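Okay, so here's the structure we're looking at.
The values are calculated or read from the model by the stated rules, or taken from the named source; none is laboratory data. This is a predicted model, so every value here is computed, not measured. Virtual Cβ from ideal backbone geometry, glycine too; neighbours counted across all protein chains shown. Surface accessibility is based on the protein's heavy atoms, side chains included, excluding ligands, DNA and RNA. Shrake-Rupley method; radii C 1.70, N 1.55, O 1.52, S 1.80 Å.
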Amino acid sequence: MASNPMQRKARNSFLLGVILTLLIAIIAGALFYILVFKEKMEVQGTTGAVAYVYKLKEGIELKSGDKITSEMVEEVKITANVVPTDAVFSQYKQDDTLVPVPFPTTYKCKIALKAGTILGKSMLYTDDLTDNSLRLVEFNMISLQSTAIVGEYIDVRLFMPTGEDYIILSKKCVMSVKDTTIGLLLNEEEINTMSAAIIDAYTTSSGFIYATKYIEPGMQTKATQTYAPKQSIIELMRDNPNIVDEAKRALTERWNTTGAKVRTEIEKTLNTYIMDGTDSANVQEKMKEQLEKAKELYLKGLEGY
């Protein structure tokens, strides 16, 4: 039976009311969920729905080997299901409370990083600077590349006139550069090793010490040291109280396994060029040249005062 217009109007109004009621109920439920559960989700921090991690600030771009300071990073909140497994967290949960985590001051980049990058520990590394015997030592007899700058990493090598090429120091960070003078952080063992290599270089007329640069220091592994100093220098290092026990054990193992053979080859080269005491004269001449050069650089540095 056909309904009259009044009945149709009443039925439509009823259906519209039901639809509006359902929409209001859905909206009210969504608001209740947001207001009641959102804060609880955030408090869960790194173990719940959101996590607080460090990222590079806008405008900051870093190269491989660059140091990252706390001024270069900022905290960002992201959903926990997209957090990298090795992320550097800025907060952690302890007894339902979020505890701030200061950004470590020892991190450097393994790879080039763009602004806004979420930092993961696989992107970063730290230098081992725990040795109490570390000192800043400057040298002006190392042949440098024309593009040598502070912060890059180098190997220091000894080239002998018969073609042998030895690594004296491996993957050292350049701390300072002024004209032909370079500053490196060295421990007691490395200082003595470098001193021995300088004498070996000066004992021959064509031996010289030079530096090679790492292209991607964060990714490239440290080269193996191949130079072996004289036995008297090795004994001096072993007896040196400034060298820690761990370094002494490593030193003994290294020189006992490969040092003797390497040193034999170096001595053969030196003996080829040692005749009638001329090696001593060459060392004295080279030392005098370096002293004059160091004095000249020092006086030049005073000109601005």
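What to note about this one:
- Residue within region 151-170 that is open to solvent by 30 Å² or more (accessible area, probe 1.4 Å), under 24 Å from A228 (Cα atoms) and among the aliphatic types (A, V, I, L, M) present: no
- Taking region 32-119 and the strands (runs of 3 or more DSSP E) fully enclosed by it, the elements with 1 or more residues that are open to solvent by 40 Å² or more (accessible area, probe 1.4 Å) and at pLDDT below 85 are at 73-79, 91-94, 97-100.
- Residue check, S122 farther than 21 Å from G218 by Cα and of a type in the set (S, T, N, Q): no
- Cβ-Cβ under 9 Å pairs, at least 6 apart or on other chains, region 60-84 side small (G, A, S), far side in a helix (DSSP H, G or I): A80/G45; A80/T46; A80/T47
- Residues that are aliphatic (A, V, I, L, M), touching a residue at least 60 places away in the same chain (Cβ under 8 Å), in contact with a Phe, Trp or Tyr (Cβ under 9 Å, 6 or more places away or on another chain) and within 19 Å of K171 (Cβ to Cβ) within region 185-222 comprise just one, I209.
- Count of residues meeting criterion [assigned to a loop (DSSP other than H, G, I, E, B), in contact (Cβ under 8 Å) with a residue 60 or more places away in the chain and touching a Leu at 6+ places or on another chain (Cβ under 8 Å)] in region 133-163: 1
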